[in-house]
Amino acid sequence: MASMRDIKRRKQSIQSTGQITKAMKLVSTVKLQKSKNKAEETKPYFKHMYAAMCEILAKSGNIDHPYLKGDPSKKKGIIVISSNRGLAGGYNSNIVKLVMGSGVAKEDCVIYAVGRKGRETLARRGYEITEDYSEAMGGPIFDDAIAIGRRVVQDFNEGKIGTIYLAYTDFKNTVSHIPVFSQLLPVQKPEFEDTEESEADKLLFMNFEPEAEEAFSMIIPLYINSMIYGGLMQAFASENGARMQAMDSATNNATEMIADLTLKFNRARQSAITQEITEIVGGANAIS
């Protein structure tokens, strides 16, 4: 059995750790509330943006445009959104596992890292990090998405990459955060789902002014920026939610360990007292 001094030192150490994790939980809770509100406010916009782009593509007919074709023989660019700090449970490891399990060989892809944890882990695994935008995770703004979108679209136009993917964590609620791996370029042309639209409306093609190719050259980069910003906001809320959960679990574990150590300390103290009494009684009997 550990001595009373060892138990006391261990208990003090856990109490100090518990105070830190409790403070971090409170900070994460405040940040979560702010980031959650922003994510929920922006999500409808990006859902409608995606739906509008799907409708435009579905009603555009056969348009020959690089943003719709891509080049599968060239390298794949992956925008990986993680966090700059740890202590967030499996948040960062889930994103890394998502990228590694995406089916894209690391020799065939380049990483546009948003978040130091994801960048460092993927670099250790042998992935090529072509750009680092980790400062954006201090508090994402739309200008960050524009900078990232401009770079990846430029590399796509210059033929450095033939496909662009976005890996981020979708914020469902405080306890549910789902890693998502989606393709941004080439934009995939969807099929119409069963809706209340008439067959004539479904077959009606969309007219463009100016020409369709020129319109797509302007619209799709803006669409890419919007999708990246949506991913940043969802990931930022998910990060704070994951950290709040991790710190809450750590605080609860610390409380349980302190209770267990208190019980052990009391038993050790009682044992020491009993031992002293036994020795005193034994010494008294020996004298008499």
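Bear in mind that the values in this text are calculations on the coordinates, not laboratory data. Not measured: the values here are computed from a predicted model. Every residue, glycine as well, gets a Cβ built from its backbone with ideal geometry; the counts of neighbours run over all protein chains shown.
Per-residue packing, averaged as other Cβ atoms within 10 Å, sorts the ranges 144-156, 31-43, 248-260 into the order 144-156, 31-43, 248-260, beginning with the highest. Mean 1/r over all different Cα pairs, inverted: what Kirkwood radius does segment 24-70 give, in Å? This gives a value of 13.6 Å.
I need the shape label for segment 1-120. Rule: rounded when a/c is under 1.5, else prolate if a/b > b/c, else oblate, with a, b, c from the alpha carbon gyration tensor. Oblate, because a/c is 1.5 or more while a/b does not exceed b/c. Among residues other than residue 156 with Cβ under 13 Å from its Cβ, the summed charge is +4 (Lys and Arg +1, Asp and Glu -1).
Taking a ≥ b ≥ c as the square roots of the eigenvalues of the Cα gyration tensor, an a/c ratio of 1.5 or more together with a/b no larger than b/c marks segment 79-133 as oblate. Membrane-span-like helices of the chain, defined as complete DSSP H segments with a Cα extent of 15 Å or more along the helix axis and a mean Kyte hydropathy of at least -1.0, are identified as 4-58, 142-157, 212-287. Taking other C-beta atoms within 10 angstrom as a stand-in for reagent exposure, 46, 171, 142 fall in the order 142, 46, 171, fewest first. With helices as the sole contributors, the chain gives -21500 deg cm²/dmol at 222 nm; each DSSP H run of n ≥ 4 counts as -39500 (n - 2.57), and the sum is divided by every residue. Mean-square fluctuations from a GNM of the chain, with a 10 angstrom spring cutoff on Cα atoms, peak among 27, 96, 80 at 27.
Taking a ≥ b ≥ c as the square roots of the Cα gyration tensor eigenvalues, segment 96-194 comes out rounded, since a/c falls below 1.5.
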